[in-house]
Amino acid sequence: MQRDFRHTLNSSPLNPGDLQLNVEHVRLGFGGVTALFDVSLSIYQSEIFAIIGPNGAGKTSLLNCISGLYHPQQGSITYHTGNAEHQITKLKPYEIAELGIARSFQNIELFRHMTVLDNIMAGAHVHMKAGLLSSMLYWGKTQREEIKFRRFAEDIIDLLEIQAIRDKQVGELAYGLQKRVELGRALAMKPAILLLDEPMAGMNAEEKEDMARFVLDVNEEHGVTIVLIEHDMGVIMDISDRIAVLNFGQKIGDGTPEEVSKNQDVVHAYLGEDEDANPVKQMNL
Amino acid sequence: MNSGIFHSTYKADMGLRHTYLEKARWVIFAIFLLAFPFFANRYYLTLANTIGIATIGAIGLNILVGYTGQISLGQGGFMAVGAYTAAILTINMGMPWWASTLVACVVTAIVGALFGIPSLRLKGLYLAIATLASQEIIIWIVTHWDAVTGGVDALVVPAPMLFGITMSSDFNFYWLVWALAGVTALLTANLFRTHIGRAFVAIRDQDIAAEVMGINLFKYKLLSFAVSSFFVGMAGALTAHYRSIVTWERFTVDISVLYLAMIIIGGLGSVRGAFFGATFITLLPATLTNLGRSLKSTFPVVDSILPFIQQAAFGLVIILFLVFEPEGINKMWKDIKDYFRLWPFSY
């Protein structure tokens, strides 16, 4: 197998460009409300795939379907790992995590009372095998395993430039740093696909720049596929390879940033009828 | 002078204790524990043994409540399972104390895991009520299953023997209890620096994120109930062997609340906190009794209302603790350490 990258942070055996995740005709409803209506999309290895849309369009619901927190009533989600394909539609979140799909949350959901280091180590849970008894004895194999992942956690700490806070309790950190730690925790899973739910929400320009740089590092150096929800159009147009647009639970367009910015349905959904007010055009993208 | 702690290996960085001061404190504490029985009289030995048993039980409860965030009012019931299992096996099958204690731990772990099943659906107060139900169910079974448990009558357990020595004297039992308390503390401290312990804490802090990070909630919640109950069962079994009389009255819901008070006052989510809490809750009534006795000679009127004063004082101290140091004695201990680390410079 020949690949351009081979690094610890990526557990996917696929080659760049291979079909990795296939969402087909997914319908998700809560009682009378339909959150997702016949949504289909395909995600390929090592791309940055952005999902955009107005508030309440179903973006987070779609991520929740992929990571198993919601189970769609119709449709299927298929996940490819080279020699096997997995139907993950009905799997539990932890089973999907074990297959290599990691995510971060819109509202930070870190383990508040743990240190940064412990949060990252907790992210590596799926890779750690020590049993109960040997854990309690902390002897031989268990200790070696802990030290191995302690060293691995240090790689992530270096990547995200959070060395200075590694022993701090997460709850007392600034918002921007917490977002960074959450990315680190997800990376510790060595994900094949990384789902990021608004990683830059509530950040200032500099923090956004940093975060965009980390996302690009992870994608370019490690080849991790990234599925991104974000509201900042500048960032989206800059870093994503392909974009899907959701509106009222339906996919109204997808394609490269240029294609999407020219798509009439998308322009209408975002801006109403008047095309002169298109902010994407105003930004000269 | 050091300007900080610098580790050059990950192994050292992940150790339980880092500085010479920490290690020295540990050694001093161990020497104190070893020397104590040779200087203490029978009264203090009894107190020390009670503290030892309570420490094991409190560490067990802290694994469940403090570390995993699954509130439990079933402590008394689980201790009863441990105590009755150990007593019945020793009386009816003639098992040596250590074997019956081990079996009692395992049986309690299984019972604890069974009663932990509702925890998958219930959280917080709802789980508290569910575990309260398990407490009442266990005590009901104990008092009504006459053929096995002797019903409301007491079971008399023969004195534990080790290498031909009777261990039931306070002096001999002291070594047994504190050896087991030490092992319990070490095993628990180790557990919480590995991935299983982190999974427990992750469930407490953010269960949805924990599941998305690949932690099987069902498995780890039940595992937490089982590990916790294992040690709680050990505390129950030791109570049976130490007191040599087992009655259901020793394991009512009062005990569950008392143990919760221990870990809250001592410090949730910490082994040391469990020890502090067990010591405090055991010594407080004893101190109050002694105080009452010494006051009795000067104020004869105290005698008749002494029990009420004791109960009120007990409640008052707990309330004051929660108001002034909600994070428990463990936090006070940390503050003291921090103060002296910088002393005499306060910045």
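FYI, it's all coordinate maths here, none of it is from the lab. Here the structure is a predicted model, which means the values were calculated and not measured. Reconstructed Cβ throughout: ideal geometry from the backbone, glycine too, with neighbour counts over all protein chains shown.
Residue by residue along A:105-112, Cβ atoms of other protein chains within 10 Å of the local Cβ number 4 on average. Placing unit charges on the Cβ atoms only, positive for Lys and Arg and negative for Asp and Glu, gives region A:112-189 a dipole magnitude near 200 debye about its Cα centre. Considering only B:18, A:62, A:105, and ranking their Cα positions along the charge dipole of the protein assembly as shown that arises from unit charges at the beta-carbon of Lys, Arg, Asp and Glu, the one farthest toward the positive end is B:18. Converting phi to 3J(HN,Hα) with the Karplus coefficients 6.51, -1.76 and 1.60 and the offset θ = phi - 60°, region B:142-147 yields 4, 7, 10, 8, 3, 4 Hz in sequence order, with x at every glycine or proline. Working note: 222 nm ellipticity from helices only, DSSP H runs with n ≥ 4, each -39,500 (n - 2.57), summed and divided by the residues of chain B, gives -24500 deg cm²/dmol to the nearest 500. Dipole magnitude for region A:177-216: about 220 debye, using +1 per Lys or Arg Cβ and -1 per Asp or Glu Cβ, origin at the Cα centre. Of all aspartates and glutamates in the structure, those lying under 15 Å Cα to Cα from residue B:23, and not within fewer than 8 positions of it along the same chain, are B:13. Charges were assigned to the Cβ only: +1 to each Lys and Arg, -1 to each Asp and Glu. The resulting dipole of region B:18-253 about its Cα centre is roughly 520 debye. Within the shell of other residues whose beta carbon sits under 12 angstrom from the beta carbon of residue B:154, the net charge comes to 0, with Lys and Arg scored +1 and Asp and Glu -1. Remark: spin-label model distance residue B:122-residue B:46 equals 3.8 nm, labels positioned 7 Å along the Cα→Cβ axis. Put simply, the amide H of residue A:20, placed in the peptide plane, has neighbours under 5 Å in A:43, A:44, A:45, leaving out anything fewer than 5 places away on its chain. Residue B:330 sits among other residues whose Cβ lies under 13 Å from its own Cβ, and their net charge, with Lys and Arg +1 and Asp and Glu -1, is 0.
Expressed as a rounded percentage, what relative contact order does chain B have, with Cα pairs under 8 Å and six or more residues apart? It would help to have the intermediate numbers written out before the result.
Values: 490 pairs, mean separation 98.1, N = 347.
This gives 28 percent for chain B.
Between residue B:159 and any residue 5 or more places off or on another chain, the built amide H atoms are never under 5 Å apart.
The value obtained for chain A, namely the Cα convex hull volume divided by the number of residues, is 145 Å³ per residue. Using the Cβ-Cβ distance between residue A:76 and residue B:146 with R0 = 51 Å, the FRET efficiency computed as 1/(1 + (r/R0)^6) comes to roughly 0.30.
For region A:20-31, backbone phi angles converted through the Karplus equation (6.51, -1.76, 1.60; θ = phi - 60°) give residue-by-residue couplings of 10, 9, 10, 9, 10, 6, 7, 10, 10, x, 10, x Hz, Gly and Pro being listed as x. Under the simplified labelling scheme, the residue B:136-residue B:345 pair shows an inter-label distance of 6.1 nm, with each label point 7 Å from Cα along Cα→Cβ.
Applying 0.36 nm per residue to the separation of residue B:153 and residue B:257 and subtracting their alpha-carbon distance, the gain on full extension is 35.0 nm.
For a Förster distance of 30 Å, can you work out the FRET efficiency between the beta-carbons of residue A:107 and residue A:83, rounded to the nearest 0.05?
Taking R0 as 30 Å, the efficiency between residue A:107 and residue A:83 is 0.20.
Hey, what number do you get for chain A at 222 nm if only DSSP H runs of n ≥ 4 count, each worth -39500 (n - 2.57), divided across all residues, to the nearest 500?
Calculated from helices alone, the mean residue ellipticity at 222 nm is -10500 deg cm²/dmol.
In this rough spin-label picture, where each label sits 7 Å from Cα along the Cβ direction, the residue B:13-residue A:24 distance is 4.7 nm. When the Gaussian network model of chain A links Cα atoms closer than 10 Å, the mean-square fluctuations of A:118, A:217, A:158 top out at A:158. Other residues lying with their Cβ under 14 Å from the Cβ of residue B:262 contribute a combined charge of 0, Lys and Arg counting +1, Asp and Glu -1. For the protein assembly as shown, the spherically averaged projection of the C-alpha convex hull amounts to 36.8 nm². For region B:316-332, putting each phi into the Karplus relation 6.51 cos²θ - 1.76 cosθ + 1.60 with θ = phi - 60° gives couplings of 4, 4, 5, 4, 4, 4, 5, 6, 8, 9, x, 8, x, 4, 4, 5, 4 Hz, in residue order, rounded to whole numbers and with x for Gly and Pro.
Here is the P(r) of region A:147-203: all C-alpha pair distances, binned every 5 Å from 0, give 4, 17, 30, 25, 18, 6, 1, 0 in whole percents.
Backbone amide hydrogens, once placed in the peptide plane, bring residue A:227 within less than 5 Å of A:49, A:194, A:195, A:196, excluding anything fewer than 5 places away on its chain. Farthest toward the positive end of the dipole of chain B, out of B:191, B:214, B:8, is the Cα of B:8, where the dipole comes from beta carbon charges about the Cα centre. With R₀ set to 30 Å, the beta-carbon distance separating residue B:106 from residue B:309 gives a calculated FRET efficiency near 0.10.
Peptide B:211-224 has a mean shielding of 6, counted as Cβ atoms of other protein chains within 10 Å of each residue's Cβ. Peptide A:119-126 shows a mean partner chain C-beta count of 6 within 10 Å per residue C-beta. Think of chain B as having a plus end and a minus end, set by charges on the Cβ of Lys, Arg, Asp and Glu; of B:234, B:179, B:245, B:179 sits farthest toward the positive end of this dipole. Straight-line reach from residue A:148: which lysines have a Cα under 23 Å away, not including same-chain ones fewer than 8 places off? By straight Cα distance, residue A:148 reaches A:129, A:168, A:190, B:11.
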